[in-house]
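**Q** Sending over a structure as structure tokens; questions will come in a sec.
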Amino acid sequence: MTYQPAALSDDLNTLPKLPGWVTCGRAETFESVAFRSGAALTVLDKLVSDPSQGVPLKLLANKLALQAATATSKLEGRLAREVDIRDAYHLTPAGEARGPDGDLLAFWRAGVALRLTGQDLQIGLKNLVGSNFEGDIAGWMAAGVVRAKSHGPLAGCVAVMRAVLEMDDRAERIACLLADIVLARVLNWTSLLPVAAQHLTKTMLRDLVADGQGVEIEVQARLLISIEDTIRLARDLATRASALRVVTPKLRAKGSKAAADLFLSEDAIGPSMMLSPTIQGTTITMTDRAARRFCDRLVELGVACELTGRPTFRLYGIVR
């Protein structure tokens, strides 16, 4: 039996979206950034906090983790491409060294998996950032939250980034991670979304420490752009996830529901590593051939795409 490819709905009117005045023009003052970011964060909070919006949160977080890894690779001077970082992480067999690119993505994926309260956060952060910052992290984040409450969430993010970089100007990934945690705490999110690193440059971060207030408005404006981009991504993923859910009952392969669910949490799936011999996170078995056929069927139905363009070592996802 064959099926028509699923049509992705163009009608996004049911999903919260940015007002036109938020994205027009530049944010040139602290007041305009605070005003526009307040509107943008309200929209993003609605998308990620209300299950009825249909945003696949794990998928959103993992996609953002890949983008954050690419951005921090540039900040750290390695300039790895997104595809190389993705391949290094997803195609390295379990137990083997991923290399610096794969480890960077592993850092960010561990970050989005952090529990953001109490002892769990302390333990998780210690495992991620090591002991060098252990005695300072709580104070930095507390100060960031205080700053956020008085000057706006983005000001709190910048405050914690500056504090980290004043101690170690090579700790870009840690500075961005803590900024993301501050943002999540201020908004009462249960998990973080890695948005801080996306549009920053090494020069900005260096000037943030050297010049302080002079460059802060520029950093806040870049954070606002990241938030706007995240809203667009969340809306896109909600639409694509809905299309996948529609076709899932039509899939007859054993384990189809579990395999489809994996596409709602992982941005890149290797059939032979994540669906076979067992579907990741389950005890459901799937042969290597069945896994490849399942992924190809999703592509035929228009709800997934092959990400690499290669004939072998392929990866699949519902969004590029």
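**Q** Any idea how many residues of the range 233-257 are in contact (Cβ under 8 Å) with a residue 24 or more places away in the chain and under 25 Å from the mean Cα position of the chain (by Cα)? Even if it seems obvious, please write down each step before you answer.
**A** Step one: list which residues in the range 233-257 are in contact (Cβ under 8 Å) with a residue 24 or more places away in the chain, which gives 233-244, 246-247, 250-251, 253-256.
Those still in the list that are under 25 Å from the mean Cα position of the chain (by Cα) too: 233-244, 246.
Going through the range 233-257 one residue at a time, the tally reaches 13.
Residue-by-condition table, conditions (1) at pLDDT 95 or above; (2) more than 20 Å from Arg109 (Cβ to Cβ); (3) of a type in the set (A, V, I, L, M); (4) surrounded by fewer than 19 Cβ atoms within 10 Å (Cβ to Cβ):
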| residue | (1), (2), (3), (4) |
| --- | --- |
| Ser242 | yes, yes, no, yes |
| Arg245 | yes, yes, no, yes |
| Ala258 | yes, yes, yes, yes |
| Ser265 | yes, no, no, yes |
| Ala268 | yes, no, yes, no |
| Leu275 | yes, no, yes, no |
| Thr285 | yes, yes, no, yes |
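**Q** Could you go through the range 213-223 and let me know if any residue there is touching a residue at least 24 places away in the same chain (Cβ under 8 Å) and more than 12 Å from Val158 (Cα to Cα).
**A** No, the conditions are met nowhere in the range 213-223.
**Q** Would you kindly identify the helices (runs of 4 or more DSSP H) lying entirely within the range 52-144 that contain at least 2 residues that are in contact with a Cys (Cβ under 8 Å, 6 or more places away or on another chain)?
**A** 57-75
**Q** Could I ask something else about it? When you look at Arg310, is it assigned to a loop (DSSP other than H, G, I, E, B) and out of contact with any strand residue (DSSP E or B) (no Cβ under 7 Å at 6 or more places or on another chain), yes or no? Break it down into steps so the answer makes sense when it comes.
**A** On the way: assigned to a loop (DSSP other than H, G, I, E, B): yes; out of contact with any strand residue (DSSP E or B) (no Cβ under 7 Å at 6 or more places or on another chain): yes.
The answer is yes for Arg310.
**Q** To continue, here is another question. Among (1) assigned to a loop (DSSP other than H, G, I, E, B); (2) buried (at least 16 other Cβ atoms within 10 Å of the Cβ); (3) at pLDDT 95 or above, where does Cys295 come up short?
**A** Checking Cys295 against (1) assigned to a loop (DSSP other than H, G, I, E, B); (2) buried (at least 16 other Cβ atoms within 10 Å of the Cβ); (3) at pLDDT 95 or above, the one that fails is (1).
**Q** Now for a different question. I'd like the residue in the range 74-120 that is of a type in the set (Asp, Glu) and within 25 Å of Ser272 (Cα to Cα) and, out of all such residues, is modelled with the lowest pLDDT.
**A** Glu96
**Q** Let me ask something else. In contact (Cβ under 8 Å) with a residue 24 or more places away in the chain and either touching a helix residue (DSSP H, G or I) at 6+ places or on another chain (Cβ under 6 Å) or under 23 Å from Ala234 (Cβ atoms) (or both): which single residue out of Ala179, Ala159 fits that description?
**A** None of the other options fit; the residue is Ala179.
**Q** Output yes when any residue across the range 91-99 is on the phi > 0 side of the Ramachandran plot and more than 15 Å from the chain's Cα centre (by Cα), and no when none is.
**A** Yes: the range 91-99 contains one or more residues that are on the phi > 0 side of the Ramachandran plot and more than 15 Å from the chain's Cα centre (by Cα).
**Q** Identify the residue in the range 155-212 that is of a type in the set (Asp, Glu) and within 22 Å of the chain's Cα centre (by Cα) and, among all such residues, is surrounded by the most Cβ atoms within 10 Å (Cβ to Cβ).
**A** Asp180
The values are calculated or read from the model by the stated rules, or taken from the named source; none is laboratory data. Not measured: the values here are computed from a predicted model. Cβ atoms come from the backbone with ideal geometry, glycine included; neighbour counts cover every protein chain shown.
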